[in-house]
């Protein structure tokens, strides 16, 4: 597990919510093993996930390849102060 700092969302998901690159506040870069992916930062009014909400919130938007099956990444900024359990055998992520 990489210590991803900011919470990241896939671009089409952000666009469907009525946000877009034109509303971005700054550019961002996601460093991968084989390349660098350009994206943007975006302030959203409210983010609801895993049974809790934060508002306002900054997300980093990047266009993940659909073959990866990734809708977004939860960063340590969102998980800080919570107990997070990853059970790969059961396919469960629990955040309390």
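Readers should treat all values here as calculations from the given coordinates under stated rules, not as data from a laboratory. If you're wondering where the values come from, they're calculated on a predicted model, not measured in any experiment. Cβ atoms come from the backbone with ideal geometry, glycine included; neighbour counts cover every protein chain shown.
Under the simplified labelling scheme, the residue 67-residue 34 pair shows an inter-label distance of 0.8 nm, with each label point 7 Å from Cα along Cα→Cβ.
Shape index of the chain: Rg/Rh, with Rg the Cα radius of gyration and Rh the Kirkwood radius from the inverse mean 1/r over Cα pairs, equals 0.96. Contact order, relative form, for the chain: 32 percent (alpha carbon pairs under 8 Å, 6 or more residues apart, mean separation divided by residue count).
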